[in-house]
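All of the numbers you see were taken from the coordinates with simple rules; none came from a lab. Since the structure is predicted, the reported quantities are computational estimates derived from the model, not experimental observations. Glycine gets a Cβ as well: all are built from the backbone with ideal geometry, and neighbour counts include every protein chain shown.
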Amino acid sequence: MQPTWTAVDNYLKQHLVKPDVFLQQTLAFNIDHGLPPHDVSPLQGQFLGLMAQISGAKQILEIGTLGGFSTQFMARALPEDGKLISLEKNAASADIARQNIKRSHLEDKVTIIVGDAADTLPTMEAWVPFDLIFIDADKQNSLLYLDWAVKLSRLGSLIIMDNIVRGGTIIDEQRDPHAEGIRQALNAIKNNDHLSATAFQTVGEKGWDGFALLRVTKVPTQLRS
Ligand code: DHB
Ligand code: MG
């Protein structure tokens, strides 16, 4: 089904996503520099931008920058005084992303912080609370990132997690560590009374995958100083 999914995505993209030289340059630059094609699709990027706009987000946190493709959709959705912090473990990826962000004239709105998110998430005090948090980093640590996303939230914050279906492997008996990481996060959501959640499966140019969409309904006081 992949060719059909891709063809339909192309059709939808042509109708719904305005051609954009900066985004095209970003994708080309990322390929040239050998980044894996793990960006969101343009249609998914528009979804992220719409979520940011609809929710009125002014402070956005992204966990996992890669080449800064999704970053740009969300950064553009910010108001004049909005800010996006993006955390990236890999210094080379962060460098590529910074060049993309600069070329796209978004450097005033975006700050990319290099380091293991396990180390950089505890240093986000100056920016809290975030209105929208997009989790799109290594899947093994999904639970850790979800816990931090809740800690750095306010009542009503949105949390979006990418890659929660992974071609259906989340229900496989064979335990792939990436799928296992996603499952741990989903289990935590199941046991958390302070999140209202849904997920949708997606097919398209990125294959079969999905997003979880969470709203923080109550921030435990002990988690936010
Ligand atoms: C992978 C990671 C992603 O964030 C994504 O959107 C697709 C694939 C991966 O690591 O395989
Ligand atoms: Mg992803």
Exercise for review: Under 1.5 on a/c is rounded, so check that first for the stretch 44-163, then, if it is not, pick prolate when a/b is larger than b/c and oblate when it is not; a ≥ b ≥ c are the square roots of the alpha carbon gyration tensor eigenvalues.
Suggested key: rounded
Practice item. Quick one: work out the % antiparallel among DSSP beta bridges in the chain, nearest 5. Key: 45 percent
Exercise for review: Any chance you could check the Cα centroid distance between the stretch 29-96 and the stretch 148-225 for me, in angstrom?
Suggested key: 18 Å
Practice item. Please identify, among Arg175, Arg103, Arg166, the residue showing maximal mean-square fluctuation in a Gaussian network model of the chain using a 10 angstrom Cα cutoff. Key: Arg175
Review point. Summing +1 for each Lys or Arg and -1 for each Asp or Glu, what net charge is found among the other residues whose Cβ lies under 11 Å from the Cβ of Leu87?
Key: -4
Check your understanding: What FRET efficiency do you get for Ile31 and Glu125 if R0 is 30 Å and r is their Cβ-Cβ distance, rounded to the nearest 0.05?
Key -> 0.25
Revision key, fill the gap. Comparing His105, His178, His15 in a Gaussian network model of the chain (Cα, 10 Å), the one with the largest mean-square fluctuation is His15
Review point. Got a sec? Which residues in the stretch 187-214 would a label at Tyr11 touch, if it sits 7 Å along Cα→Cβ and we count backbone N under 13 Å?
Key: none
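Compute the relative contact order of the chain as a whole-number percentage, counting only Cα pairs closer than 8 Å that sit 6 or more residues apart in sequence.
Relative contact order here is 19 percent.
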Revision key, fill the gap. The exposure ranking of Lys218, Lys206, fewest beta-carbon neighbours within 10 Å first, is Lys218, Lys206
Review point. What shape does the stretch 2-216 take by its C-alpha gyration tensor, where a ≥ b ≥ c are the square roots of the eigenvalues and a/c under 1.5 counts as rounded, a/b above b/c as prolate, and the rest as oblate?
Key: rounded
Revision key, fill the gap. Here, GluC sites (Glu not before Pro) of the stretch 142-223 satisfying both criteria (DSSP loop; at most 11 other Cβ within 10 Å) are Glu173
**Study point:** Prolate/oblate/rounded label for the stretch 1-95 (Cα gyration tensor, a/c 1.5)
**Key:** oblate
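Residues with beta-carbon under 15 Å from that of Gln14, excluding Gln14: net charge, scoring Lys, Arg +1 and Asp, Glu -1?
Around Gln14, the charge tally is -1.
Can you tell me the dipole magnitude for the chain around its Cα centre, using point charges on the Cβ only (Lys, Arg +1; Asp, Glu -1), in Debye to the nearest 20?
Rounded to the nearest 20 debye, it is 520 debye.
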